[in-house]
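Each remark here refers to the structure printed beneath this line.
The values are calculated or read from the model by the stated rules, or taken from the named source; none is laboratory data. Bear in mind that the values here come from a model prediction, so they are computed numbers and not experimental data. Here the Cβ positions follow ideal geometry from the backbone for every residue, glycine too, while neighbour counts run over all protein chains shown. All accessible areas refer to the heavy atoms of the entire protein, side chains included, with ligands and DNA or RNA removed. Shrake-Rupley method; radii C 1.70, N 1.55, O 1.52, S 1.80 Å.
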Amino acid sequence: MNQLFISLEPDVVDWARAQFALTAIYHWLFVPLTLGLALIMGIMETLYYRTRKVFWKDVAVFWQRLFGINFAMGVATGIVLEFEFGTNWSNYSWFVGDIFGAPLAIEGIVAFFMESTFVAVMFFGWKKVSAGFHLASTWLTGIGATISAWWILVANAWMQNPVGCTFNPDTMRNEMSSFLEVALSPLAVNKFVHTVTSAWIIGALFTVAVGCYYLYRRREQRLALASIRIGSIVGLAACLLTLHSGDQSAYRVAQVQPMKLAAMEALYQGGNDQSLTAIAWVNPFEQPDYRAAQEPPLRVAIPYALSFLATRNMHGFVPGVNDLLKGGYERPDGSVEPSVEEKILRGRQAIGDLKRYRQMRASLRGTAPDAAAEAEMKALMQSLQANMPYFGYGYVKDPAQLVPYVPVCFYAFRAMVGLGTLFILFFMVVLVVAWRRDLSRCRWLLVGAMVMLPLGYVASESGWLVAEFGRQPWAIQDMLPTWVGVSDVKTGSVMLTFFLFLVLFTVLLAVEVSILWKAIRRGPAYEGEA
């Protein structure tokens, strides 16, 4: 790893990160709508199955058509994203592939196979299978997509909190020691619930926006009103679930990624009785110097809220950036947090022990070691195991490398929370108006509903920015920095593919929006019509 790190071109890490971020951001434009519409179309067809009214069948077919358009685009970008682990992050893939590859393999073999099988029945089986089997296929398509998201999020959560693994110095790989610990870690469960429920919000916003567009154009009014009512119910329930899971997620982050929480709050000097910042001025174009950073100006905060969020105690201690770098405070488990300097020294000790151990193994070449060599190798293994939790810090040269880019984390977190609060109010208003008044007369609300849809994507992408920017510089938390996990490739090659993907994904997005827009303008094909 040391040799690979030294041979890298200076800008290859930044371009590899930029390419992966580009692919992930475009991919995430398609995924939430797929998960959200899966729930909507399942509800619509269930209503048809229970009532046998042709109207509900027409509604279900309409939303399934929109689901299918988006589903195809999501698959295309997702495949590219997974292949980038082998092309741009081969050192990462070698180091943890035995663990990280397992959930991705299960996602491809089980979940994707499941959803791709039943999606064919859903689209082409209306007159070929029974109503019950078709309904099951519709729900299984959505469940398959959700299970697919589960395994991808398990892999992502393991990068944020590596559990259930041990390092094998003979193979230079981390190996899985407990599949259940990886698959069912509390961080993975919270991440899955929070992500899927936020995707339901996107599906609900899309449903309500399309319905309001029809009412604004004074067409398809029965379908529009039914879709708005169902969409707003789903949206409000999803918002409340997302609020709860977000609270649980923040608590988990405070336990395993305290630096991310400090960056989200632009908190440099921590302490007890910490308040939660509602709004403040943080320069969006400059990373503050952590050594001289103070509380941001124009700050409006909620007293004691951050301490309660992070510790479930209103007077609990929340470390800031400087506390985490200096160390010396007591952890929740009673141990003392070491300083970054100590972590770096222990990480370098682990790297040195590993190098020496492998040199001795190579010198033996299959022969049995003598007593002195065996004792030395045993001592090296004991030292390596003791210092392995800080292995990644051995590649850190400056403590500033360990501080995420605070402005992005700070503003993205507030965009996510602020817009989530707005969506709760929006769905409540739509529900009341849709059930008690003539919604078509509230032109301002119809226009507002269409504006809410892009804001939903802003909130969703902001959540991913917080999750991924907040864990920098780690590809795997405390285990592998990004500049060690990258492939030894030429910067020009990564730059070229970056711009190729930028053009390709932009075209794909434009094509999807165009096809969706044509399908929405065309409207549903009612049974019995030509």
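Just to verify a result, which residue in the range 475-530, among those that are among the aromatic types (Phe, Trp, Tyr) and in contact with a helix residue (DSSP H, G or I) (Cβ under 9 Å, 6 or more places away or on another chain), is least open to solvent (accessible area, probe 1.4 Å)? Give the derivation first.
Of the residues in the range 475-530, the ones among the aromatic types (Phe, Trp, Tyr) are 483, 498-499, 501, 505, 517, 526.
Remaining after also requiring in contact with a helix residue (DSSP H, G or I) (Cβ under 9 Å, 6 or more places away or on another chain): 483, 498, 501, 505, 526.
Working: Trp483: 33, Phe498: 33, Phe501: 44, Phe505: 3, Tyr526: 62 Å².
Only one residue tops the list, namely Phe505.
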Task: Hits in the range 50-75 (condition: touching an Asp or Glu at 6+ places or on another chain (Cβ under 7 Å) and either among the aromatic types (Phe, Trp, Tyr) or open to solvent by 20 Å² or more (accessible area, probe 1.4 Å) (or both)) - done: Val54, Lys57, Ile69, Met73
Open item on the list: Based on this model, can you work out whether Gly463 counts as within 19 Å of Ile25 (Cα to Cα), in a helix (DSSP H, G or I), in contact with a His (Cβ under 9 Å, 6 or more places away or on another chain) and at pLDDT 90 or above?
Closed with: yes
- [ ] Would you check if Ala120 is within 22 Å of Ile515 (Cα to Cα) and over 21 Å from the mean Cα position of the chain (by Cα)?
- [x] yes
Open item on the list: Looking only at the range 378-409, filter to residues that are more than 26 Å from the chain's Cα centre (by Cα) and assigned to a loop (DSSP other than H, G, I, E, B); which one of those is farthest from Ala368 (Cα to Cα)?
Closed with: Asp398
TODO: State which residue is surrounded by the fewest Cβ atoms within 10 Å (Cβ to Cβ) when the search covers only the range 352-369 and only residues that are in a loop (DSSP other than H, G, I, E, B) and among the small types (Gly, Ala, Ser).
DONE: Gly366
Open item on the list: Need a quick list: helices (runs of 4 or more DSSP H) entirely within the range 1-108 having at least 2 residues that are in contact with a Gly (Cβ under 7 Å, 6 or more places away or on another chain) and on the phi < 0 side of the Ramachandran plot.
Closed with: 12-51, 90-106
Task: Positions within the range 60-79 being in contact with a helix residue (DSSP H, G or I) (Cβ under 8 Å, 6 or more places away or on another chain) and at pLDDT 80 or above, in sequence order - done: Ala60, Phe62, Trp63, Gln64, Arg65, Leu66, Phe67, Gly68, Ile69, Asn70, Phe71
Open item on the list: Tell me yes or no: at least one residue of the range 101-120 is surrounded by 21 or more Cβ atoms within 10 Å (Cβ to Cβ) and within 30 Å of Asp478 (Cα to Cα).
Closed with: yes
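Name the one entry in Glu181, Glu175, Glu220 that is charged (D, E, K, R) and out of contact with any helix residue (DSSP H, G or I) (no Cβ under 6 Å at 6 or more places or on another chain).
Details: Glu175 fails: out of contact with any helix residue (DSSP H, G or I) (no Cβ under 6 Å at 6 or more places or on another chain); Glu220 fails: out of contact with any helix residue (DSSP H, G or I) (no Cβ under 6 Å at 6 or more places or on another chain).
Unique residue meeting the criteria: Glu181.
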- [ ] Out of Ala372, Ala412, report the one residue that is modelled with pLDDT under 90 and in a helix (DSSP H, G or I).
- [x] Ala372
Task: Tally of residues being touching a Phe, Trp or Tyr at 6+ places or on another chain (Cβ under 9 Å), of a type in the set (Phe, Trp, Tyr) and open to solvent by 70 Å² or more (accessible area, probe 1.4 Å) across the range 260-313 - done: 0
Open item on the list: Suppose we filter Thr421, Thr506 for residues that are over 22 Å from Gly235 (Cα atoms), out of contact with any Ser or Thr (no Cβ under 7 Å at 6 or more places or on another chain) and among the hydroxyl-bearing types (Ser, Thr, Tyr); which single one remains?
Closed with: Thr506
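Quick check, is Glu84 in contact with a Ser or Thr (Cβ under 6 Å, 6 or more places away or on another chain) and among the acidic types (Asp, Glu)?
Working: in contact with a Ser or Thr (Cβ under 6 Å, 6 or more places away or on another chain): no; among the acidic types (Asp, Glu): yes.
No; evaluated as a whole, the condition is false for this residue.
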Task: Single condition Ala449 does not satisfy, out of (1) surrounded by fewer than 22 Cβ atoms within 10 Å (Cβ to Cβ); (2) part of a helix (DSSP H, G or I) - done: (1)
Task: Which numbered condition Val458 misses (of (1) out of contact with any Phe, Trp or Tyr (no Cβ under 9 Å at 6 or more places or on another chain); (2) under 27 Å from Val163 (Cβ atoms); (3) of a type in the set (A, V, I, L, M, F, W, C)) - done: (2)
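Quick one: which residue in Ala183, Ala238, Ala131, Ala224 is over 29 Å from the mean Cα position of the chain (by Cα), hydrophobic (A, V, I, L, M, F, W, C) and either closer than 27 Å to Gly108 by Cα or open to solvent by less than 30 Å² (accessible area, probe 1.4 Å) (or both)?
Result: Ala224 is the single residue among Ala183, Ala238, Ala131, Ala224 that is over 29 Å from the mean Cα position of the chain (by Cα), hydrophobic (A, V, I, L, M, F, W, C) and either closer than 27 Å to Gly108 by Cα or open to solvent by less than 30 Å² (accessible area, probe 1.4 Å) (or both).
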Open item on the list: Looking only at the range 111-147, count every residue that is of a type outside the set (Val, Ile, Thr), assigned to a helix (DSSP H, G or I) and under 16 Å from Gly42 (Cβ atoms) and tell me the total.
Closed with: 17
